[in-house]
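Take a look at the structure set out below.
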Amino acid sequence: MSDTDVAGRLIGAAEEKAQELGFAVSVAVVDSAGVLKAFHRMDGAPLVSVESCQRKAYTAAAVGVPTQGLYDAYHENPVMLSQISTLSGILVIGGGIPVDAAGFAGAVGVAGGSAEQDALVAAAAAGAIDA
């Protein structure tokens, strides 16, 4: 499967899960270098979701862990969380998940709901590739 095919499947699965949960999202897919591969904004997704989904995807690709996991690891250490958050392109909030499946290495980022909702949608997207 080509990287373009994988990116399309990630976006489709994210959109399907967001519709199931009843909200609109923006979805970004980046390659292993954090470079944008694909992007989609559902009708009604908040404008701020455009940038935040891309930053979540970049963060997941750069760090190699889900952004929610990064937040969970550092939320009780505000100094460290603040320092990480000042790095260019980094966003430490749920919704970014690394993807290494079907010959594709990169990440998916989702924004438009709460951090927990975005993390659920991103996990559904990544899970669709693993299936």
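No lab work stands behind these numbers, since they all come straight from the coordinates. Given the structure is predicted, the values throughout are model-derived calculations rather than measurements. So basically every Cβ, Gly included, is an ideal-geometry build from the backbone, and we count neighbours across all protein chains shown.
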Looking at GLY127 and the list (1) closer than 27 Å to ASP5 by Cβ; (2) crowded, with 22+ Cβ neighbours inside 10 Å, which single condition is not satisfied? (2)
In the stretch 81-131, residues that are more than 19 Å from LYS17 (Cα to Cα), in contact with a Ser or Thr (Cβ under 6 Å, 6 or more places away or on another chain), part of a strand (DSSP E or B) and among the hydrophobic types (A, V, I, L, M, F, W, C) total 1
Do any residues in the stretch 13-40 that are more than 13 Å from ARG55 (Cα to Cα) have Cβ atoms under 8 Å from those of residues that are surrounded by 15 or more Cβ atoms within 10 Å (Cβ to Cβ) and of a type in the set (Ser, Thr, Tyr), where the two are at least six apart or on different chains, and which pairs are they? VAL25/SER49; HIS40/SER26
Answer yes or no as to whether SER82 is over 21 Å from ILE93 (Cβ atoms) and either hydroxyl-bearing (Ser, Thr, Tyr) or touching a Gly at 6+ places or on another chain (Cβ under 8 Å) (or both). no
Does the stretch 26-48 contain any residue that is touching a helix residue (DSSP H, G or I) at 6+ places or on another chain (Cβ under 9 Å) and of a type in the set (Asp, Glu)? yes
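Assess whether MET1 counts as being in a helix (DSSP H, G or I) and surrounded by fewer than 20 Cβ atoms within 10 Å (Cβ to Cβ).
no
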Mind checking which pairs have a first residue in the stretch 100-117 that is without any contact (Cβ under 8 Å) to a residue 60 or more places away in the chain and a second that is among the aliphatic types (A, V, I, L, M), Cβ under 7 Å, 6 or more apart or different chains? ALA115/ILE93
Contact list, first residue from the stretch 82-99 and at negative phi and touching a residue at least 24 places away in the same chain (Cβ under 8 Å), second anywhere and of a type in the set (Asp, Glu) and outside any loop (DSSP other than H, G, I, E, B), beta-carbon distance below 8 Å, six or more apart or interchain, is ILE93/ASP118; GLY94/GLU116; GLY94/ASP118
